[in-house]
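Here's the structure, in structure tokens; my notes come after.
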Amino acid sequence: MEYRIASISGDGIGPEIVEEAKKVLNKVGELYGHRFHYEEVLMGGISIDTYGVPLTDEALETARSCDAVLLGAVGGNVGNSRWYDVAPNLRPEAGLLAIRKGLNLFANIRPAYLYEGPSDACPLKKEIIGDGFDMVIVRELTGGLYFGERHTEEVNGIRQAVDTLVYSETEIRRVAVKAFQIAQKRRKKVTSVDKANVLDSSRLWRSVVEEVAKEYPEVTLEHMLVDNCAMQLVMNPGQFDVILTENMFGDILSDEASMITGSIGMLSSASLNEGKFGLYEPSHGSAPDIAGKGIANPVATILSAAMMLRFSFDLDREADAVEAAVRQTLADGFRTADIMADGMQPVGTEEMGDRICERLTDSLK
Ligand code: NAD
């Protein structure tokens with residue numbers, strides 16, 4: 001099959017890590033008989049330098065015309081860059097918001113797993129980690145408290161602020177469907193997280209999720225209150241498969257889940273629209289402090305490319321192979337500086353990509 005991918009390298013370490021993800025995709029193409037064509041798209045600081053804005057309409061159109069988007073990261077050193085001496089809507093990160101909105105990416109998918117290798121970096125006790133954990137957080141991304149009406153006013157000389165939390169059943173249903181579809185491809189369990197003992201929006205959330213669950217009888221659904229979920233993540237992370245939740249709860253829980261994995265350089269993410277289209281990017285930023293040094297960990301971006309194979313192209317076998325090659329590379333002891341541990345073999349960005357490609361090839365022997 002042939003696929004067109006919008007490739008957005010962005011700023012900082014972005015070009016270095018996207019290069020490695022493309023290397024791995026090209027190896028997948030070679031081994032499994034696919035062709036990936038890349039359309040280079042400028043976004044972030046590099047687009048500001050070239051066009052004066054973080055994302056042009058043409059760039060958005062090119063991204064929309066492709067089958068999926070692969071993104072490195074955008075942004076510079078916030079305290080020390082000309083990109084930040086302008087209005088917020090002209091800064092590099094505004095490109096990110098514009099592309100998510102422009103492509104209607106309402107479901108954010110963030111896996112959090114602990115591979116056997118770098119568990120030294122996990123802050124949890126060994127008896128809690130057990131055999132490790134492997135979960136996916138599906139977060140609603142374009143509704144709820146962050147997008148509701150808000151204002152600050154003064155009433156009888158006292159300042160008060162109002163934020164509104166609105167969810168329609170349509171918004172809940174479409175993200176719930178994504179969570180159940182993902183669970184079907186995994187261990188078939190959805191934990192829907194809400195605050196239904198207090199919030200009306202959560203009670204609607206719960207009832208719509210239950211309606212959707214009826215269409216997926218092979219998937220088990222459980223409900224969990226958000227405060228309990230925050231505790232369970234550090235007490236028994238192995239119990240979770242797919243966590244489905246609204247925007248603000250997902251913002252907080254996905255950061256908590258990523259912390260217990262121990263390394264930001266390992267965490268992939270995807271933002272999906274109603275169909276098969278998605279934007280795939282590492283969870284970390286552009287790391288300007290290590291840009292150009294050849295030491296950035298490309299694994300998060302490579303695993304994001306694996307998500308692209310799975311969610312946008314339905315190439316599950318190929319996605320499994322990339323994930324297995326990453327696991328094997330780590331099990332064989334190769335480590336970039338951010339996940340280095342005693343007795344391991346240090347490698348740079350490029351060599352990490354090469355080692356993963358080698359193991360991909362080996363997996364077909
Ligand atoms: P960051 O994630 O870029 O870096 C935090 C720390 O983690 C740094 O020490 C960095 O060196 C390290 N790190 C991050 N990714 C790494 C990797 N792959 N390998 C090894 N080490 C890695 O967060 P920050 O420093 O707060 O932000 C830097 C810039 O990135 C800012 O301009 C910010 O706005 C932007 N940012 C962009 C995105 C995005 O494009 N999606 C997300 C977050 C932050």
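The values are calculated or read from the model by the stated rules, or taken from the named source; none is laboratory data. From a predicted model like this one, the values you see are computed outputs, not experimental measurements. Glycine gets a Cβ as well: all are built from the backbone with ideal geometry, and neighbour counts include every protein chain shown.
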With Leu233, Leu204, Leu221 as the choices, which residue is outside any helix (DSSP H, G or I) and in contact with an Asp or Glu (Cβ under 9 Å, 6 or more places away or on another chain)?
Leu221
Residues of segment 295-331 satisfying the condition of being surrounded by 14 or more Cβ atoms within 10 Å (Cβ to Cβ) and assigned to a loop (DSSP other than H, G, I, E, B)
Ile295, Ala296, Asn297, Pro298, Ser312, Phe313, Leu315
Identify, please: which residue in segment 176-197 is in a loop (DSSP other than H, G, I, E, B) and in contact with a strand residue (DSSP E or B) (Cβ under 9 Å, 6 or more places away or on another chain) and is, among those, surrounded by the most Cβ atoms within 10 Å (Cβ to Cβ)?
Ala196
Somewhere in segment 90-108, is a residue touching a residue at least 40 places away in the same chain (Cβ under 8 Å) and either part of a strand (DSSP E or B) or surrounded by fewer than 11 Cβ atoms within 10 Å (Cβ to Cβ) (or both)?
yes
Search segment 235-264 for residues being surrounded by fewer than 23 Cβ atoms within 10 Å (Cβ to Cβ) and farther than 24 Å from Arg206 by Cβ, and hand back the single one that is modelled with the highest pLDDT.
Gly238
Residues of segment 62-84 being more than 11 Å from the ligand (Cβ to nearest atom), without any contact (Cβ under 8 Å) to a residue 60 or more places away in the chain and out of contact with any helix residue (DSSP H, G or I) (no Cβ under 9 Å at 6 or more places or on another chain), in sequence order, are Thr62
Look through Ile13, Ile17, Ile46 and report the one residue that is of a type in the set (A, V, I, L, M, F, W, C), within 13 Å of the ligand (Cβ to nearest atom) and surrounded by fewer than 24 Cβ atoms within 10 Å (Cβ to Cβ).
Ile46
